[in-house]
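The structure appears below as structure tokens.
The values are calculated or read from the model by the stated rules, or taken from the named source; none is laboratory data. Note that the structure is predicted; figures quoted are calculated from it, not measured. Ideal geometry is used to build each Cβ from the backbone, glycine not excepted, and the neighbour counts take in all protein chains shown. SASA here: full protein model, heavy atoms, side chains in, ligands and nucleic acids out. Shrake-Rupley method; radii C 1.70, N 1.55, O 1.52, S 1.80 Å.
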Amino acid sequence: MTQSFKKVHAVTGMKDILPDTSYQWQALEAIMHEWLAQYGYRNMRTPILEHTRLFARGIGEVTDIVEKEMYSFTDSLNGDQLTMRPEFTAGVVRAAIEHNMLYERPHRVFTMGPVFRHERPQRGRYRQFHQLSVEALGFPGPDVDAEHIIMLGRLWKKLGLNDIRLELNSLGQAHERQAHRQALVKYLEQHRDILDDDAQRRMYTNPLRVLDTKNPALQEMANNAPRLSDFLGDESLSHFQGVCDRLHEAGIQYQLNPRLVRGLDYYNLTVFEWITDRLGAQGTVCGGGRYDDLIALLGGKPAPAVGFAIGLERLLDLWLQSSDVAAPAECDVYMIHQGDAAQRRAMVLAEQLRDAGLTVIVHAGPSGFRAQFRRADASGATAAVILGGTEIENGTASVKWLRQADATAQEQQETVSQQELVMHLKAKV
Ligand code: HAM
């Protein structure tokens with residue numbers, strides 16, 4: 001007797017994508033592949049598992065991702081600390097260094113697939129989700145920074161999205177952020193008496209976050225705090241101006257957001273996010289920016305870089321709100337048969353039809369004609385090919401056109417010789 005087995009469910013926050021919806025993913029991916037090719041971006045793929053220290057070093061020890069959101073474990077065979085990638089950039093940079101990719105030329109690359117973060121699940125926020133990550137390695141900008149934003153503008157247009165806005169900021173360089181931070185801590189110390197508990201706690205660990213406060217009593221203090229933009233030197237300012245000028249020329253609208261800092265530590269200079277109000281609380285569809293120090297930080301020869309990632313669940317949700325993506329037919333031809341000889345003949349003929357480039361489903365399992373016709377119709381096939389005793393005896397096949405607008409034409413069945421079946425269908429499907 002088999003022992004009872006408790007049903008297994010998918011892990012919380014991790015979703016199955018079933019055939020009834022995966023065609024929508026494929027349609028979105030096809031559009032994105034074409035768009036990426038238009039800008040000369042080439043695909044690369046890195047492992048899902050990386051050494052934990054890659055992310056700790058790359059994303060930053062005191063970020064939310066590294067502190068509390070990573071799926072990490074010890075490899076029981078050799079004791080290595082491993083982590084399921086929470087994003088792509090660190091792994092792409094690791095691979096670029098490991099394979100000396102930047103030795104001879106810069107690279108425009110993209111990578112797409114699942115990433116993992118242990119966050120509290122809600123609409124638009126999952127523990128396994130998918131990103132398209134685009135990275136331009138070895139380009140100092142500002143031209144490539146602008147290229148990324150302009151290409152994203154094109155993607156939204158291709159997808160018919162217009163409720164999506166761009167927020168932009170410059171984080172300057174590390175020493176400029178350091179000087180700003182010192183000034184900010186000093187300013188917060190001067191206002192210590194009005195700070196709430198949260199702000200008191202964060203004042204020294206993450207003073208920028210204090211400015212992100214939702215507490216109305218702190219709003220004015222936050223608004224008058226020293227601004228990073230006042231600490232940027234000429235080079236940083238002219239880099240940022242270079243990005244903004246190109247966006248103007250491309251007709252891209254943006255909002256400057258001096259509070260935009262991003263949740264990963266590797267950024268410098270340009271940072272941006274594309275946000276929509278149509279997705280509830282999780283409205284950031286895409287985020288990115290420049291990370292000129294990351295390659296050196298991970299042990300490579302210093303080289304500048306810039307990139308972004310799109311959250312594909314969020315983009316798909318947004319796209320489907322305004323576009324109907326038609327489910328494709330399962331096949332061109334559905335083969336219906338009765339009896340062992342007919343089933344075997346159907347398999348042979350189906351191979352001939354596939355040789356001619358058609359997509360074909362041969363009905364499987366013991367069903368009556370009526371049930372087979374129902375399946376044929378539901379498959380979306382253009383034609384059903386019917387093989388019964390008479391057809392086998394005469395060396396013929398019956399063809400029924402399933403998608404004729406004219407109902408009487410649909411009723412008609414044609415009889416063709418099996419030799420002519422491929423030609424006959426190929427001409428009409
Ligand atoms: P990120 O902002 O952490 O950036 O993530 C990029 C996008 O992934 C977000 O804008 C959002 O659409 C989506 N996303 C993030 N967390 C979740 C979640 N839990 N569930 C569903 N979607 C989510 C990065 O990951 C950087 N690596 C981007 C980058 C590439 N910067 C330079 N190159």
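What shape does the range 270-385 take by its C-alpha gyration tensor, where a ≥ b ≥ c are the square roots of the eigenvalues and a/c under 1.5 counts as rounded, a/b above b/c as prolate, and the rest as oblate? It is prolate, given that a/c is not under 1.5 and a/b is the larger ratio. Across the chain, the mean sequence separation of Cα contacts (distance under 8 Å, 6 or more residues apart), normalised by length, yields a relative contact order of 15 percent. Compute the signed sum of charges (Lys and Arg +1, Asp and Glu -1) over the other residues within less than 11 Å, Cβ to Cβ, of Ser367. The answer is +3.
Count Lys and Arg as plus one, Asp and Glu as minus one, and take only other residues whose Cβ is under 12 Å from that of Glu351; the net charge is then +2.
Within straight-line reach of Lys400, meaning a Cα separation under 29 Å, sit the following lysines at least 8 residues removed in sequence or on another chain: Lys426, Lys428.
Relative contact order for the range 333-428: 29 percent, from Cα pairs under 8 Å spaced at least 6 residues apart, divided by residue count.
Residues with beta-carbon under 9 Å from that of Val115, excluding Val115: net charge, scoring Lys, Arg +1 and Asp, Glu -1? Result for the local shell: +1. Overall dimensions of the chain, expressed as equivalent-ellipsoid semi-axes from the Cα gyration tensor (√(5λ), whole Å, largest first), are 56, 24, 22. Solvent-accessible surface (1.4 Å probe) assigned to Phe240 amounts to roughly 30 Å².
Report summary: the helix-based calculation at 222 nm, which adds -39500 (n - 2.57) for every DSSP H run with n ≥ 4 and divides by the residues of the chain, gives -12000 deg cm²/dmol.
Computed over protein heavy atoms with a 1.4 angstrom probe, the accessible surface ordering of Asp16, Asp245, largest first, is Asp16, Asp245. Rounded to the nearest 20, the Cβ-based charge dipole of the chain about its Cα centre (Lys and Arg +1, Asp and Glu -1) stands at 640 debye.
For the range 333-428, rounded, prolate or oblate, judged on the Cα gyration tensor with a ≥ b ≥ c (square roots of eigenvalues), a/c < 1.5 rounded, else prolate if a/b > b/c? Here the range 333-428 falls in the rounded category. Highest mean packing comes first when the peptides 270-283, 360-373 are listed by Cβ atoms within 10 Å, giving 270-283, 360-373.
Along the axis of the charge dipole computed for the chain (Cβ charges of +1 for Lys and Arg, -1 for Asp and Glu, origin at the Cα centre), the listed residues Pro216, Gln81, Ser133 are led at the positive end by Gln81.
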